[in-house]
Every structure is written in C-alpha cells, then in structure tokens.
Amino acid sequence: MTQLLSAQVLLGILASGIRLATPYLYAGIGETFGQRSGVLNLGVEGQMLLGAFAAFYAVKRTGNLWLGLLAAMVVGGLMGLAMAFVSVTLRAKQGISGIGFFLFGLGMSDLLFQRMLGTVETVSGFRPVAIPLLSQIPVVGPIFFNQNLLVYFAYLLVPSAAFVMNKTTLGLKIRAVGETPEAADSLGVSVSQVRYITVTLGGILSGVAGASLSIALLNVFQQNLTSGLGFIAVALVYFGGWRAWGLLAGALLFSMVNALQLWVQVLGIPIPSEFAVMMPYVLTIVALVVAVQRVRPPTALTKPFVREG
C-alpha cells in the first residue's frame with residue numbers, strides 16, 4: 001500500500017486522471033447543453049460508440065487524424081439530429097427513445113466492427129504535445145502540459161461552455177427554454193430550434209468523446225469500447241448541477257479514482273480486482289445521492305413543448 005504514496009506513483013495517478021477525464025468532459029458538456037434546454041439524451045453512449053468507430057475506421061483507412069475526428073463529429077451530429085427529431089418534433093418519451101438510440105449505437109458499432117474490421121486493430125493516434133516552457137515546470141508541467149491535443153481541447157471547452165451558457169444571448173435562450181419554454185416562446189424564441197441546436201451539438205461532442213478514446217487515449221477499437229462511459233457522463237451532469245465547472249469537478253473526481261484503481265492493479269496491491277474496478281462506480285452513486293439533495297434540475301427537463309393555440 002505504501003507504493004501508492006511514492007512521488008512517482010502519485011504523479012502517474014494525477015497525469016492519468018487528467019487524461020482519463022477527457023471523454024467525460026466532451027460528452028458531459030454536450031449533454032449539459034441539451035439538458036439545460038429541456039432534453040434528456042440517454043443515447044450518449046451509443047453516439048460515443050459510433051463516433052469512436054467512425055474516427056478509428058477513417059484513421060485506419062486514410063492515416064489522417066483530423067479526418068477521423070471530422071468523421072466522428074459528423075456521425076455524432078447525425079445521431080444528435082435524429083435524437084432531436086424524435087424528442088422535439090415527435091415528442092417521444094425522452095428516456096425510452098434515448099435507450100433506443102443507445103441500443104442502436106451499440107448494435108450498429110458491433111456490426112460495423114465485425115463487417116469492416118473483424119478483429120481488434122490499433123492505429124497511431126494523437127501523440128502528447130509538450131507546451132513550450134509550461135511543460136518544463138517541475139511537477140505540474142508533466143501532468144498538465146504534456147498531453148495530446150484532444151485533452152487540451154476538452155479542458156478549453158469547459159470555460160468556453162460556461163461563457164456561452166452564462167454570458168451570451170444563445171445561453172440565455174437555452175436557459176429560458178429549459179426553465180419556462182412558454183415564456184420564451186411568447187418572447188419570440190423558437191423552442192424547437194434551440195433544442196435542435198443543443199441536442200445536435202451534444203451529439204457532435206459525444207462523437208468527439210468517442211474519438212478521444214479510439215484515436216487518442218486507447219488508439220484501438222473493440223466491441224463496447226466505451227463500457228458505460230456515456231451513462232457516467234450523463235450522471236456527471238447531475239453531479240455538476242448542470243454547470244460546466246461542476247461537471248469538470250465531477251469528471252476529475254471520477255477519473256482520478258479510476259486512475260487509482262488502474263494503478264492498484266498495475267502495482268499488484270493485494271486488493272481484489274473486482275473491488276478495485278467497482279470503486280469509481282460506487283463513488284459515482286454516492287456522489288449522485290449527495291448531489292441530488294443540493295441541486296434542482298431545469299424545470300422543463302424531459303417535458304415536450306406544445307405551443308398553445
């Protein structure tokens with residue numbers, strides 16, 4: 001157990017935790033926008049899986065990482081647009097339709113994997129990029145400033161999302177539609193348009209979250225690659241109180257515990273592996289129980305809008 005307290009291991013846990021938070025941030029920020037406008041998307045996991053496959057396959061065929069990222073964004077965006085159509089236009093039950101999209105993404109990614117790849121393969125993904133000067137800072141530098149580009153973009157997305165949500169006209173419209181869609185509609189705000197934008201954006205970011213796994217963090221694609229990460233991202237939106245900075249705190253908490261359990265297994269510490277793997281999920285449940293007591297969801301969340309008259 002004392003091995004975990006060594007400086008080298010602690011630095012390794014911190015660096016891994018910073019990196020492992022990446023998919024949660026992309027998917028969670030996207031889901032935050034959607035939920036703040038009143039749409040719950042439980043299909044995030046499916047969007048991530050298809051985005052991960054699209055990115056991996058594009059890179060496998062072309063060798064171009066940016067084309068892979070673009071493919072993930074397009075596929076995720078199309079999935080988000082379909083989710084918006086079902087939830088906003090058809091006014092289907094959001095929870096049930098979201099599970100349907102998850103199952104579609106799970107099954108389709110599995111089918112595409114078997115038909116187009118057939119076996120687990122690897123690609124050369126985004127490599128760590130050391131930021132000049134900052135990466136040379138003792139202790140802090142290697143942890144924060146020697147990551148791949150998708151990690152940097154994920155952390156830049158947090159203040160950007162907070163600014164858009166709290167300081168722009170679009171953010172005001174999103175919040176108004178998620179709280180009192182009737183009042184927003186009476187002021188000339190298109191509730192459907194805002195929800196289409198946020199849910200589609202959420203799909204794009206979920207696709208990027210999947211790409212961050214298949215062409216940046218793991219550089220591999222296999223069946224059910226995400227293993228529940230999309231559902232964790234949805235849970236972290238609740239934990240963060242539908243705020244970007246709160247989501248960041250939750251993502252880091254979960255990823256650090258996840259990094260800890262990985263190091264426990266690597267070091268061969270005599271803790272049952274099942275217990276180590278279970279730790280992040282138990283922590284998530286406890287955190288959610290605490291969070292639910294102190295935050296209030298958007299008033300119109302999961303409620304379809306029907307214009308009167």
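Read-outs throughout are calculated quantities, based only on the coordinates presented, and are distinct from any laboratory measurement. Please read these numbers as outputs of a predicted model, since none were measured by experiment. For neighbour counting, all protein chains shown are included, and Cβ atoms are generated from backbone atoms with ideal geometry for every residue, glycine included.
With a point put 7 Å past each Cα toward its Cβ, work out how far residue 134 is from residue 74 in nm, to one decimal.
Once both label points are built, they end up 3.2 nm from each other.
Under 21 Å Cα-Cα from residue 93, which lysines qualify once same-chain neighbours fewer than 8 residues away are excluded?
Within reach: 303.
Over region 97-227, what relative contact order in percent results from Cα pairs under 8 Å that are six or more residues apart?
Answer for region 97-227 is 32 percent.
Where in the chain are the DSSP H helices whose C-alpha atoms run 18 Å or more along the long axis and whose mean Kyte hydropathy is at least 0.0?
Both cut-offs are met by 7-20, 44-62, 65-84, 94-112, 149-167, 191-212, 244-266, 273-292.
With the contact rule set at Cα under 8 Å and sequence spacing of 6 or more, what percent relative contact order holds for the chain?
Result for the chain is 36 percent.
By how many nm would the segment from residue 92 to residue 295 lengthen if fully extended, with 0.36 nm per residue of separation less the alpha-carbon distance?
Answer, rounded to one decimal: 70.5 nm.
Rounded to the nearest 20 debye, what is the charge dipole size of region 93-219 about its Cα centre when +1 sits on each Lys and Arg Cβ and -1 on each Asp and Glu Cβ?
120
Mind computing the radius of gyration and Dmax over the alpha-carbon atoms of the chain? Å is fine for both.
19.6, 69
Treating only the Cβ atoms of Lys and Arg (+1) and Asp and Glu (-1) as charged, compute the dipole magnitude of region 14-130 about its Cα centre; round to the nearest 20 debye.
The dipole magnitude comes to about 120 debye.
Could you work out how much longer the chain between residue 275 and residue 62 gets when fully extended? Use 0.36 nm per residue separation minus the Cα distance between them, nm to one decimal.
72.6 nm
Relative contact order for region 1-108: what percent, with Cα pairs under 8 Å and sequence separation of 6 or more?
Once normalised by length, the contact order is 31 percent.
If I take R0 = 41 Å and measure r between the Cβ atoms of residue 156 and residue 306 in this structure, what FRET efficiency does the formula 1/(1 + (r/R0)^6) give, to the nearest 0.05?
So the FRET efficiency works out to roughly 0.60.
Among 52, 21, 82, whose mean-square fluctuation peaks in a Gaussian network model of the chain (Cα, cutoff 10 Å)?
Evaluated over the chain, the most mobile residue of the options is 82.
I need the peptides 201-214, 230-243, 184-197 ranked by packing, meaning the mean over residues of other C-beta atoms within 10 angstrom, with the highest value on top.
Order by mean packing, descending: 201-214, 230-243, 184-197.
Need the full-extension length gain, residue 81 to residue 108, defined as separation in residues times 0.36 nm minus the C-alpha distance. One decimal, nm.
Stretched out fully, the residue 81 to residue 108 stretch lengthens by 8.0 nm.
Residues with beta-carbon under 15 Å from that of residue 145, excluding residue 145: net charge, scoring Lys, Arg +1 and Asp, Glu -1?
Every neighbour counted, the sum reads +2.
With +1 on each Lys and Arg Cβ and -1 on each Asp and Glu Cβ, and nothing else charged, work out how big the dipole of the chain is about its Cα centre, in Debye to the nearest 20.
With only Lys, Arg, Asp and Glu charged at Cβ, the dipole is about 420 debye.
Projecting each Cα onto the charge dipole of the chain (Lys/Arg +1, Asp/Glu -1 at the beta carbon, about the Cα centre), which of 162, 49, 207 comes out farthest on the positive side?
Highest projection toward the positive end goes to 162.
Would you tally the net charge around residue 182, using a Cβ to Cβ cut-off of less than 13 Å, leaving residue 182 out, and scoring K and R as +1, D and E as -1?
Residues close to residue 182 contribute a combined charge of -1.
So if R0 is 41 Å, what FRET efficiency would residue 99 and residue 149 give, r being the distance between their Cβ atoms, rounded to the nearest 0.05?
Using R0 = 41 Å, I get an efficiency of 0.80.
Put +1 on the Cβ of each Lys and Arg and -1 on the Cβ of each Asp and Glu in the chain; which of 74, 151, 37 then has its Cα farthest toward the positive end of the dipole?
Ranked along the dipole, the leading option is 37.
Between beta-carbons, use under 15 Å as the cut-off and find the net charge around residue 297, counting Lys and Arg +1, Asp and Glu -1.
+4
Just grab the label-to-label distance for residue 120 and residue 180, each label 7 Å out from Cα along the Cβ direction, in nm (one decimal).
In this crude spin-label approximation the distance works out to 5.4 nm.
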